[in-house]
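These notes concern the structure reproduced below.
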Amino acid sequence: MILLNDLSEHLQIEDPEENHSISPVSWSQYEILLSERGEKSSYRISYLDRVVEILSPSRRHESRKTRIGTLLEIYFLETNIEYFPTGSTTFRKSEQEVGGEPDESYCIGTDKEFPDLAVEVVVTSGGINRLALYQRLGIQEVWFWFEERLAIYHLRQDMEQCTATFGYEAINRSKVLPELDIKLLTESIQNPNPLAAVKAFREGTRKIINN
């Protein structure tokens, strides 16, 4: 019998996720690594201040990120919000020495060079600080799904007020999607049945719209 405090370690053994950091790595070496990886590789590569992080996502990682993406696209459809999915595109700024690949990402309203929202599913901790990375890319909002909870961070204009979180403020409701019911979204992500989760989320969203 597996105790609760042993569950995370057990899942890592059964469904491992590999995360490796390498440094120092020049920007040109990072770009070579991206080109040699190819388009079909499942590896995610991040770069910040001459450190490269290579992530091989686990099955539960991919399951959660796909679930979140599906629910968000249902929300956009039901609320008639213009959106442009950018997925796990490699976003980078050579002058800032930064490059990253979110699990999911979206431009809201209009298509842009960099998304308004980035979503990260966290299974293994450590490595490059994602808030530092996304702050340099100028991404307005970052969502972390970690330990079956959703944490939302919004980039402040007066970034010096949140130096510990690289200018991001932890908030309870999204400012990019202010009408989204975060409680409903969280419950739907937690639902072990994907079809039931989608149906419940769609029904709940429609009730909110019609009230």
**Asked** Between the DSSP loop rule and a limit of at most 11 other Cβ atoms within 10 Å, which chymotrypsin sites (Phe, Trp or Tyr not before Pro) in the range 165-211 are left?
**Response** none
**Item:** Filtered trypsin sites (Lys or Arg not before Pro), the range 23-103: DSSP coil and at most 14 other beta carbons within 10 Å
**Value:** LYS40, ARG50
**Message:** Taking the Cα centroid of the range 75-149 and of the range 187-211, what is the distance between the two, rounded to the nearest whole Å?
**Reply:** 23
**Message:** How large is the Rg to Rh ratio of the range 81-138 when both quantities use alpha carbon positions and Rh follows Kirkwood?
**Reply:** 0.98
**Item:** the chain: most fluctuating residue of THR110, THR70, THR86 per GNM, C-alpha cutoff 10 Å
**Value:** THR110
**Prompt:** Once both labels are modelled 7 Å past Cα along the beta-carbon direction, what's the ARG206-GLN96 spacing in nm?
**Reply:** 4.0
**Request:** Give the range of the longest stretch in the chain that excludes all GluC sites (Glu not before Pro) found in loop regions by DSSP and having at most 12 other beta-carbon atoms within 10 Å.
**Result:** 40-81
**Prompt:** Using the reciprocal of the averaged 1/r over all distinct C-alpha pairs, how large is the Kirkwood radius of the range 58-210 in Å?
**Reply:** 16.0
**lysines with Cα under 20 Å of LYS199, excluding same-chain neighbours fewer than 8 positions away** = LYS65, LYS183, LYS207
**Asked** Do any trypsin sites (Lys or Arg not before Pro) in the range 142-211 lie in a loop, going by DSSP, with at most 15 other beta-carbon atoms within 10 Å of their beta carbon, and if so which?
**Response** ARG156, ARG173, LYS175
**Message:** Whole-Hz ³J(HN,Hα) for each residue in the range 169-184, computed from phi via Karplus 6.51 cos²θ - 1.76 cosθ + 1.60 with θ = phi - 60°, x for glycine and proline: what do you get?
**Reply:** 10, 6, 10, 8, 10, 5, 8, 6, 10, x, 8, 5, 7, 5, 4, 5
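Any read-out appearing in this document is the output of simple, stated calculations on the displayed coordinates, not a laboratory observation. As the structure is a computational prediction, the values presented were derived from the model and not from experiment. FYI the Cβ positions are ideal-geometry reconstructions off the backbone, even for glycines, and counts take in every protein chain you see.
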